[in-house]
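Okay, so here's the structure we're looking at.
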Amino acid sequence: MSTPAPLPPPPEPVTPWAGRLVLGVVLALFGVGWLLESLSVDVPWDVVFPAVLIGIGMMLVVSARSGAGQVGLILAGIVLTVLLVLGTAIDIPFGGGVGDRSVHPMGVRVEREYERGIGTLTLDLTDLDLDAIEVPFDLRARVGIGELVVIVPEGAAVRVEAHAGLGSVRVDGMEEAGIDAELSVSAPGAAPRLRLEASVGIGEVRIERV
Amino acid sequence: MSDPGLNRSALVAGVFFIAAGAVFLLERLGVWDVSLRVLGPVLLITLGIAIILGGRASRPPP
């Protein structure tokens, strides 16, 4: 009597948990980042998003043989790629945080860059000591989606370059609107002591003189 | 010789995402100033090639 032929080895178990694992880790990371932002900790989203995309790509390459859990990863990768392309197109500062923010630098204590991801950023420069700062001082203010309001002292030697990827810019009574709207205004006469670059991805830039 | 257990679509997508992520990372770090006029078409071309390659790989042999 012949013995039955040995059964073929069972197929390698697929790993459907791989996709869920990555998705879970990604969601948890975003949650941690959001929580840190809420606690006023600056999270470098500018770097986090591309890093997550690279992680998704590596996970896909590694799990290419397992045959499962990849649809979710591919969809997540596509969504992230589209977001990053949009962010590059309209210059959205992912690291700027969400919500309204008002900044009022005094004297010479001023940073060179202020930014907001989504929301309103109000930058009041009326108490900036333009006679004491290093001139010409280059200052950049950016908002991804929302409104950027910069208040400059009347009569100050300020050159403004305002840009909106999609939206409007208003400077000294002039207004431009649409795609890639921009206005460049220099104070007449004296050389500019402050060179201000104000931009939004989607929304409005408003320069007010008081 | 092709490996029947290998999901070529996932492999191509993975390589694409790694390359795209690296480009965006360099751009965000200020190492490479990427213009959308170049990046957009390049990404579309790459994505199209990736989809074609993935489709060819998953087509059953005649």
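The numbers here are math on the coordinates, done by the rules we state, and not lab data. Please read all numbers here as calculations on a predicted model, not as lab measurements. Here the Cβ is made from the backbone with ideal geometry for all residues, glycine too, and neighbour counts use every protein chain on show.
Some notes on this structure:
- Charge tally in the Cβ shell below 15 Å around residue A:106, where Lys, Arg are +1 and Asp, Glu are -1, residue A:106 excluded: -4
- Label point of residue A:208 set 7 angstrom out along Cα-Cβ; within segment A:125-149, amide nitrogens under 12 Å from it belong to A:125-126, A:148-149.
- Positive contributions from Lys and Arg (+1) and negative ones from Asp and Glu (-1), summed over other residues with Cβ under 14 Å from the Cβ of residue A:208, come out at -3.
- Quarter of Cα convex hull surface for segment A:128-188, i.e. mean projection, nm²: 4.6
- Using a Förster distance of 45 Å, the FRET efficiency for residue B:53-residue A:98 (Cβ separation, nearest 0.05): 0.70
- Shielding score for A:74-87, defined as the mean number of other chain Cβ atoms within 10 Å: 4
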